[in-house]
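A short worksheet on the structure shown next.
The values are calculated or read from the model by the stated rules, or taken from the named source; none is laboratory data. Since this is a predicted model, take the numbers as computed values, not measurements. Note that each Cβ is placed from the backbone with ideal geometry, even for glycine, and that neighbours are counted across all protein chains shown.
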Amino acid sequence: MTITEKILARESGASIVSPGDNIWVNCGILLTHDVCGPGTIGIFQREFGRDAKVFDREKVVILPDHYIFTADEKAHRNIDILRAFVKEQGLPYYYDPGTDSYCGVCHVALPELGHVRPGETIFGTDSHTCTHGALGAFSTGIGNTDAGFILGAGKLLVKVPPTLRFVLDGEMPPYLSAKDLILQIIGDITVDGATYCAMEFTGSAIAALSIDERCTICNMAVEAGAKNGIIAPDQKTLDYVNARTKKPYEPLFSDPDAKVVSERRYDVSRLEPVVARPHLPDRRALARECRDVKVTQVYIGSCTGGKLEDFVMAAKLMKGRKVAVRTLIVPATRTVEQGLSDTRIDGQSLRSIFESAGVEPIAPPSCAACLGGPYDTFGRTHGKEVVVSTTNRNFIGRMGSKESQIYLASPYTAAATALTGHITDPRDV
Amino acid sequence: MPKDTLIRGPVYVLEDNIDTDLLIPACYLNLVPTIPEEYRKLGSYALAGLPDSFPKYASNPDGSTPYPIVIGGRNFGCGSSREHAPIALGAAGAKAVVAESYARIFFRNSVATGEIFPLESEKRLCGEFKTGDQAEVDIEKGTVTRLSDGAVFTLKPVGAVAPVIAAGGMFAYARQIGMIKR
């Protein structure tokens with residue numbers, strides 16, 4: 001069996017499962033946030049009763065992150081719904097906006113807080129829940145109804161996905177990053193190339209990646225339609241997890257002879273920086289072939305592109321230089337935000353590098369303009385902006401305005417573009 | 001609740017990769033679908049993310065849609081897990097989507113909520129219909145008929161989720177098989 005099948009087998013009480021089996025799987029962690037949490041709670045209360053208790057208080061994590069820094073009244077009302085539910089149920093893992101416990105973007109905070117453990121199952125009311133497969137968990141996005149069901153029942157009917165294996169070997173060239181790797185893959189297999197499947201990433205190039213970078217890859221598995229992305233845990237994973245949780249866990253690994261639907265191999269040393277052109281993540285082009293594209297805004301943030309390592313990459317290019325266009329920096333979490341001050345390149349903090357380069361005032365951590373949101377959202381587009389962004393989706397209207405154009409790129413490419421004002425291969429600055 | 005399996009009315013024709021931001025833009029995700037007034041409001045914003053070159057979907061004065069059937073291409077509903085997407089369609093009065101293929105979470109949410117029937121056509125239908133054409137979807141027979149000339153197109157069998165659809169959603173199904181009590 002593959003790692004995905006083994007986790008699903010263990011959590012369904014079966015010794016063997018096969019792709020296509022419909023099985024009831026125990027939930028290890030249920031993750032929700034401010035946009036889908038209130039609806040999930042509404043369904044839980046409607047279906048299980050007003051006096052119902054959640055299946056396991058230790059397994060529910062609520063990380064508001066979407067509409068935090070806004071005057072929108074309903075957004076505030078929604079946070080209040082979460083607060084009331086947390087109080088009523090006595091939930092220990094709630095990270096409240098406006099308090100010291102607030103974290104920011106749920107998919108960066110969940111592993112930071114030690115809620116992601118290899119071999120476990122994670123269901124989240126957000127499609128990018130697939131991020132957490134980077135630590136060897138089975139992790140997938142679900143809707144409010146399924147989440148409301150899990151809140152009461154602690155399990156979910158799951159179809160076992162077939163696995164597509166991606167073997168990435170070779171040494172990463174300078175200025176190539178995990179974002180380039182996953183945009184390369186999505187460009188190859190298209191936005192529905194992995195529909196219903198597990199995407200398993202392996203090979204020496206994956207092993208060499210940091211946890212942050214592995215998260216970037218698994219985060220975007222859903223952009224190819226996948227149910228989950230997954231990377232087998234190694235010592236790097238265990239060190240990361242053990243530093244953040246004392247809870248016991250048991251990693252699982254794919255058998256060497258596990259059956260997969262397909263295997264694609266990449267020599268990353270031959271790859272070049274790429275972008276995804278509007279309006280789909282599979283519209284891949286080489287960054288150096290898009291020099292003619294003038295941009296009006298650069299955005300560095302989100303669950304896939306707002307981690308500390310993303311800002312280290314951007315800062316390497318921006319150090320001692322000035323940006324040519326409006327450049328927005330949104331750290332995903334408060335830990336990342338702190339890291340901007342604590343992490344230094346040649347003695348200069350990332351924050352100082354960005355400020356000296358002339359970026360807009362650094363925003364507080366949240367999903368911000370990655371998905372548009374309320375009209376007063378930081379960085380939201382309102383006109384015909386052309387944006388290079390480290391986020392994960394470039395759909396029409398994704399960042400707010402239907403007229404704006406979004407190019408997805410790595411933090412290196414985004415930073416290089418910020419410096420020149422047109423799409424720029426980071427090797428050229 | 002059991003649903004009518006014969007749907008008749010004008011179709012609204014889309015294309016490939018209709019994503020959840022087109023189905024319900026993020027600025028409306030502050031609406032909570034389980035609050036009845038906000039459920040109705042979500043319906044009035046169904047497909048509000050489409051470029052302005054498309055006719056308004058929820059164009060009736062009361063915020064509902066004149067088009068109970070939506071026709072799409074490949075990968076319908078790709079993107080976010082926002083259940084607001086199938087709910088917006090359902091709240092607007094859509095009964096069925098007929099597409100070549102679906103993104104996983106959208107399909108799942110459509111089935112789990114029972115808001116709309118996510119049906120798969122054997123062949124691509126985007127070129128076979130124009131927005132406003134009258135059609136009849138017969139779920140039991142597995143057909144879509146173009147009423148102007150009687151042309152019949154086949155739907156794929158529903159497959160493993162048939163019992164969940166037949167029960168009317170995830171909770172109804174789980175109760176039926178005794179997985180949950182109430």
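Things to note:
- Residue match in the range B:106-118 (condition: surrounded by 19 or more Cβ atoms within 10 Å (Cβ to Cβ) and in contact with a Cys (Cβ under 8 Å, 6 or more places away or on another chain)): yes
- Residue match in the range A:312-326 (condition: in the same structural domain as A:Gly421 (by TED's automatic domain parsing), among the charged types (D, E, K, R) and crowded, with 21+ Cβ neighbours inside 10 Å): no
- Entirely in the range A:23-131, the helices (runs of 4 or more DSSP H) that have 2 or more residues that are over 16 Å from the mean Cα position of the chain (by Cα) and of a type in the set (Phe, Trp, Tyr): A:37-48
- Residues that are small (Gly, Ala, Ser) and within 17 Å of the chain's Cα centre (by Cα) within the range B:118-166 comprise B:Ser121, B:Gly132, B:Ala135, B:Gly142, B:Ala162, B:Ala166, listed in sequence order.
- Test: B:Gly169 is within 18 Å of the chain's Cα centre (by Cα), within 14 Å of chain A (Cβ to nearest Cβ) and buried (at least 18 other Cβ atoms within 10 Å of the Cβ): yes
- Qualifying residue in the range B:57-72 (condition: within 14 Å of chain A (Cβ to nearest Cβ) and either β-branched (Val, Ile, Thr) or surrounded by fewer than 20 Cβ atoms within 10 Å (Cβ to Cβ) (or both)): no
- Test set (1) in contact with a helix residue (DSSP H, G or I) (Cβ under 6 Å, 6 or more places away or on another chain); (2) free of Cβ contacts under 8 Å to residues at least 60 places away in the same chain - A:Asp192 fails condition number: (1)
- Of the helices (runs of 4 or more DSSP H) lying entirely inside the range B:1-106, those carrying at least 3 residues that are of a type in the set (Gly, Ala, Ser) are B:84-92.
- Considering only residues in the range A:13-48 that are of a type outside the set (A, V, I, L, M), without any contact (Cβ under 8 Å) to a residue 60 or more places away in the chain and more than 11 Å from chain B (Cβ to nearest Cβ), the one that is surrounded by the fewest Cβ atoms within 10 Å (Cβ to Cβ) turns out to be A:Ser15.
- Selection over the range A:97-154 of residues that are among the charged types (D, E, K, R) and more than 13 Å from every other protein chain (Cβ to nearest Cβ) gives a count of 4.
- When A:Ala226, A:Ala287, A:Ala221 are screened for being under 30 Å from B:Pro51 (Cβ atoms) and not assigned by TED's automatic domain parsing to the domain that holds A:Leu110, only A:Ala287 passes.
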